[in-house]
1. Ranking request for peptides 216-227, 189-200, 170-181, 121-132: highest mean number of other beta-carbon atoms within 10 Å first, then the rest in descending order.
2. Taking H as built 1.01 Å from N, whose amide H comes closer than 5 Å to the amide H of residue 132, not counting residues under 5 places away?
3. Separation between the residue 166 and residue 218 pseudo-spin-labels, each 7 Å from Cα along Cα→Cβ, expressed in nm?
4. I'd like the FRET efficiency for residue 123 and residue 152, computed as 1/(1 + (r/R0)^6) with the beta carbon distance as r and R0 of 22 Å, rounded to 0.05.
5. With labels modelled as points extended 7 Å from the Cα through the Cβ direction, what inter-label distance (nm, one decimal) is found for residue 190 paired with residue 53?
6. Taking only protein heavy atoms and a 1.4 Å probe, what accessible area per residue, in Å², does segment 160-203 have with all protein chains in place?
7. Please find the FRET efficiency linking residue 235 to residue 198, where r is the Cβ-Cβ separation and R0 is fixed at 22 Å, and quote it to the nearest 0.05.
8. Karplus couplings for segment 193-201 from phi (6.51 cos²θ - 1.76 cosθ + 1.60, θ = phi - 60°), rounded to Hz, Gly and Pro as x?
Amino acid sequence: MLESGLLLFFLVPGLLAYCALYGTFHSDKSIAPEPPQASSVETITIILLSSALIHAVFAGLLHINAVACRSLPCPIPVPTGLLDPYAAAFNAMDGGKASGDAVGGLIAIALLQGALCYWGVRRWLNYRARADRLPAWIYGWATDIANAADNDDRLILAYVMTTHDIDQKAITYVGVLYDLVLKADGCITRLTLWDCERYLADLAVPVDRPTLPEPLSRFPFLMLEASHIRNVAFEILDVSGTPPSTD
């Protein structure tokens, strides 16, 4: 029972770091990759490495603190389990019995580490997004789109051709990207637009001629699932005056 509890405490920082990496962190747009399977190698590696790193740092700092406290005169005696809960926990494992102060110290450390991990990863992602340097190993081909999502001078337009036709013309939507969710392999699972327009795209018209006539209707908000999307293109507009780029 004690070993199971210690294993859970060990994994808390990694679990929260994983949630922060694959969660939505943008202020007004959601560009979030769909997390990989819970049993995948990528998930297990991220959780274990994150947990091991922060536990190693905390254990070293707490051990130094405990040694310093034992060497200095202390007017208020503090139980060893609170000064160095890692050492107290391992001693408890050897003895088969956990002390109350060791368990309390571990719970406090697990909560603190989890909060710091979550906050730190979110701050790191926000910083990378503002610098247009989000990690490609998380966002894949959508890295440029995710980078632009947090910039106030960028606007992301999505041109979505659906699988539905009317008189051999594809129903197409054009609007500002609000939400984009990707699978681990890069496939789009959901796409949401706001302030979008609906068109009928005539695929028989030559490509050197305009294929989008006047919009048939407008929608303030529209969500499309992957099964309704035939093709999609994104355009990143720089509203500050710089010529736009396409992705």
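The values are calculated or read from the model by the stated rules, or taken from the named source; none is laboratory data. In this text, all values refer to a predicted model and were calculated from it rather than measured experimentally. Cβ sites come from the backbone with ideal geometry, for glycine too, and all protein chains shown count toward neighbours. Ligands, DNA and RNA are stripped out before the accessible areas are found, and what is left, the full protein with its side chains, is counted by its heavy atoms. Shrake-Rupley method; radii C 1.70, N 1.55, O 1.52, S 1.80 Å.
1. The densest-packed peptide leads the list: 170-181, 189-200, 121-132, 216-227.
2. none
3. Result: 1.8 nm between the two label points.
4. Given R0 = 22 Å and the Cβ-Cβ separation, E is 0.70.
5. About 2.9 nm separates the two model spin labels.
6. Value returned for segment 160-203: 45 Å² of accessible area per residue.
7. According to the calculation, E is roughly 0.80.
8. 10, 10, 6, 10, 10, 10, 10, 10, 8
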